[in-house]
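All of the numbers you see were taken from the coordinates with simple rules; none came from a lab. Model, not experiment: these values are computed from the prediction. Note that each Cβ is placed from the backbone with ideal geometry, even for glycine, and that neighbours are counted across all protein chains shown.
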Amino acid sequence: MSDHIPTLADICSAIAEGHIPVAVEGSMYQVNALELRRYLNRFRSLPTLNSQDPSLCSSSDGWSVIVRTSVA
């Protein structure tokens, strides 16, 4: 997936299509922040990790590599 920056229209469409769960209270929609974050994380591409790169496995200054992944 490309690094597409979602617009307000994208979010409104996702709510209307049921991709983001909401609670309707009168004329207001209540969106759970965690659900919105899950939806927005779909637009970010995950970094690629080249396991053949020896600089990722060792470090002369004591720093280690931290890889964060997310599951949507």
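Condition check ((1) hydroxyl-bearing (Ser, Thr, Tyr); (2) touching a Ser or Thr at 6+ places or on another chain (Cβ under 7 Å); (3) in a helix (DSSP H, G or I)) across all residues:
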{"site": "ILE5", "(1), (2), (3)": "no, no, no"}
{"site": "ASP10", "(1), (2), (3)": "no, no, yes"}
{"site": "ALA14", "(1), (2), (3)": "no, no, yes"}
{"site": "ILE20", "(1), (2), (3)": "no, no, no"}
{"site": "ALA23", "(1), (2), (3)": "no, no, no"}
{"site": "TYR29", "(1), (2), (3)": "yes, no, no"}
{"site": "ARG44", "(1), (2), (3)": "no, no, no"}
First in region 17-28 and on the phi < 0 side of the Ramachandran plot, second anywhere and assigned to a strand (DSSP E or B) and aromatic (Phe, Trp, Tyr), Cβ under 7 Å, 6 or more apart: VAL22/TYR29
